[in-house]
1. Which condition breaks for A:LEU435 when tested against (1) under 15 Å from A:PRO334 (Cβ atoms); (2) among the aliphatic types (A, V, I, L, M); (3) without any contact (Cβ under 8 Å) to a residue 40 or more places away in the chain?
2. More than 10 Å from chain A (Cβ to nearest Cβ), without any contact (Cβ under 8 Å) to a residue 60 or more places away in the chain and either within 17 Å of B:SER74 (Cα to Cα) or not basic (Lys, Arg) (or both), is that true of B:THR36?
3. Can you go through A:ILE218, A:ILE214 and tell me which one is within 16 Å of A:MET320 (Cβ to Cβ) and surrounded by 24 or more Cβ atoms within 10 Å (Cβ to Cβ)?
4. Out of (1) within 14 Å of chain B (Cβ to nearest Cβ); (2) touching a Phe, Trp or Tyr at 6+ places or on another chain (Cβ under 6 Å); (3) not basic (Lys, Arg), the odd one out for A:ILE69 is which?
5. Please go through the range B:1-26 and pick out each residue that is away from chain A (no Cβ under 14 Å) and either in contact with an Asp or Glu (Cβ under 7 Å, 6 or more places away or on another chain) or not in a loop (DSSP other than H, G, I, E, B) (or both).
6. Counting only residues that are crowded, with 19+ Cβ neighbours inside 10 Å and within 20 Å of the chain's Cα centre (by Cα), which one in the range A:290-312 is nearest to A:THR23 (Cα to Cα)?
7. What are the residue pairs meeting all of these: first residue in the range A:221-244, first residue not assigned by TED's automatic domain parsing to the domain that holds A:ALA281, second residue surrounded by 14 or more Cβ atoms within 10 Å (Cβ to Cβ) and part of a helix (DSSP H, G or I), Cβ atoms under 9 Å, and 6 or more apart or on different chains?
Amino acid sequence: MISRREIFETLEMIDQQHLDIRTVTMGISLLDCADPDPKACCRKIYEKITRMAKDLVRTGEDIEQEFGIPIVNKRISVTPIALAAAASETEDYVPFARTLDRAAAETGVNFIGGFSALVHKGFTAADRKLVNAIPQALAETERVCSSVNVASTKSGINMDAVALMGRIIRETARLTADRGSLGCAKLVAFCNAVEDNPFMAGAFHGVGEPESVINVGISGPGVVHHALLECKGAPFDLVAETIKRTAFRVTRMGQLVAREASSRLGVPFGVVDLSLAPTPAIGDSVADILEEMGLERVGTHGTTAALALLNDAVKKGGLMAASHVGGLSGAFIPVSEDAGMIASAEAGTLCLDKLEAMTCVCSVGLDMIAVPGDTPAETLSAILADEAAIGMVNNKTTAARLIPAVGKTVGDRVDFGGLLGSAPVIGVHPESSALFVSRGGRIPAPLQSLRN
Amino acid sequence: MRAIVTVVGKDRVGIIADVCTRLSGWNVNVLDINQTVMQGNFAMTMLVDLEKCEMPFREVSEQLRLRGEEMKLSIRMQREDIFEAMHRV
């Protein structure tokens, strides 16, 4: 039998160290919903989502109850709408977002991802309609999340898309200005987007995926932090080993939940996403882990190295514990969702340039960062281009989720509530990138050999 | 299905008897008990088998939780698999 010590250790992880399953996400293909009549297409989409995911939330709650482990989010990802809606004869894609929102409400999930387009090499007519509909779609809906893939290692960076996304982000901020520009918290621009990511706002159900699938995102920064308290002053070998052991345990639990959810719902298991996702709760912070390694405050010199170790050890520990690993898999550093990151940004230690450096060694990018509301669209685009370049050259997924909070400036704070937390507004460089962004075209794909 | 019941709180007379009586009333078989008192705090773990129990898992777990509240104890029941997954390769 499991020993008493092991049992209470597990309970302590759940009760005091915020161990939980961050999300059980059901991916659903909408490719068979295509219809020349947009209304018919919407009807098919609604019918399919509500049919496939009708038991998702209840099943999640049952598992939560039986295992005694919280499953914080139950979510849905769908085929990028630019593909599902491409056959429909309409200029207006906002009704598709409304349909997704209604289906999410009906099934009880808190977010639905996939109001998306993949434009890393260029736009189809449908892609363009979708991207142009994003600001209105995010302003009108509550649970819909949107993502646009603007670059990839194989095809380079679509700078026309990058330029457009800067304007789209600004417009989304404007249309949701009364809610702290919340729309931007549900909008991600990707490089190398993955098809099986269970985490929002960037989740969508890729075309290589089956009809439907269950992907699980784990979490547990609090547990890793707690484990590191036991190795104060120890060399990094021991730090890495401790993180690996902890990640292994956390992932085993994720795998168990994933298998259980998959068998109860009769939907194939896809991947476990080995991510350390923080929440704004005290003690559930990735920043705390980095500081525990000996940094006075996250963002100071040494942060990138600490994060590189953490990110790698989490993957090494988790890989052995899960039968299939995928999604984003790595440590997340969303500023607004991490108490330690917020504190450091407010103190002025953590700046945009350091965050960008950190994204070179972790998943997934410049995440949940509030910038001044008057930041020009071209500057936003240039930040996206920098982030896409890091992903493109390093063969990894990067993303940017920037919130130009209308009416706010450096030193102010934007409150999103719930898991999205609150973000101190961080400064951007005042010098213009307008001429750079206005060039358009594509930045060619990088060389894959002679890597130095 | 096997589950682990944990009971934690201030020690008093009859905790084990109370929990066991309830479990037997629902046809839940107790396979193993491990109990200790540290500085007046009672901590017990039980391995139980719900094979013959006709009540749904959720219901048993909820009844135990409510009884725990009445006795000012934390009582919870979780499937054994979760502990196996985390502590055994």
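The values are calculated or read from the model by the stated rules, or taken from the named source; none is laboratory data. Values in this document were obtained by computation on a predicted structure and should not be read as measured data. Glycine also receives a Cβ, built like all others from the backbone with ideal geometry; neighbour counts cover every protein chain displayed.
1. Of the numbered conditions (1) under 15 Å from A:PRO334 (Cβ atoms); (2) among the aliphatic types (A, V, I, L, M); (3) without any contact (Cβ under 8 Å) to a residue 40 or more places away in the chain, the odd one out for A:LEU435 is (1).
2. Working: more than 10 Å from chain A (Cβ to nearest Cβ): no; without any contact (Cβ under 8 Å) to a residue 60 or more places away in the chain: yes; either within 17 Å of B:SER74 (Cα to Cα) or not basic (Lys, Arg) (or both): yes.
Against the criterion (more than 10 Å from chain A (Cβ to nearest Cβ), without any contact (Cβ under 8 Å) to a residue 60 or more places away in the chain and either within 17 Å of B:SER74 (Cα to Cα) or not basic (Lys, Arg) (or both)), B:THR36 does not qualify.
3. Numbers: A:ILE214 fails: within 16 Å of A:MET320 (Cβ to Cβ).
Going through A:ILE218, A:ILE214 in turn, just one is within 16 Å of A:MET320 (Cβ to Cβ) and surrounded by 24 or more Cβ atoms within 10 Å (Cβ to Cβ): A:ILE218.
4. Failed condition: (2).
5. First, pick out the residues of the range B:1-26 that are away from chain A (no Cβ under 14 Å): B:10-26.
Once the filter is applied, which keeps residues that are away from chain A (no Cβ under 14 Å) and either in contact with an Asp or Glu (Cβ under 7 Å, 6 or more places away or on another chain) or not in a loop (DSSP other than H, G, I, E, B) (or both), the range B:1-26 yields B:LYS10, B:ILE15, B:ILE16, B:ALA17, B:ASP18, B:VAL19, B:CYS20, B:THR21, B:ARG22, B:LEU23, B:SER24, B:GLY25.
6. Going through the qualifying residues, I end up with A:ASN311.
7. Nothing qualifies.
One line per residue, one yes/no per condition, for (1) touching a helix residue (DSSP H, G or I) at 6+ places or on another chain (Cβ under 7 Å); (2) not hydrophobic (A, V, I, L, M, F, W, C):
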| site | (1), (2) |
| --- | --- |
| A:LEU276 | yes, no |
| A:GLU296 | no, yes |
| A:ASP312 | no, yes |
| A:ALA339 | no, no |
| A:ALA345 | yes, no |
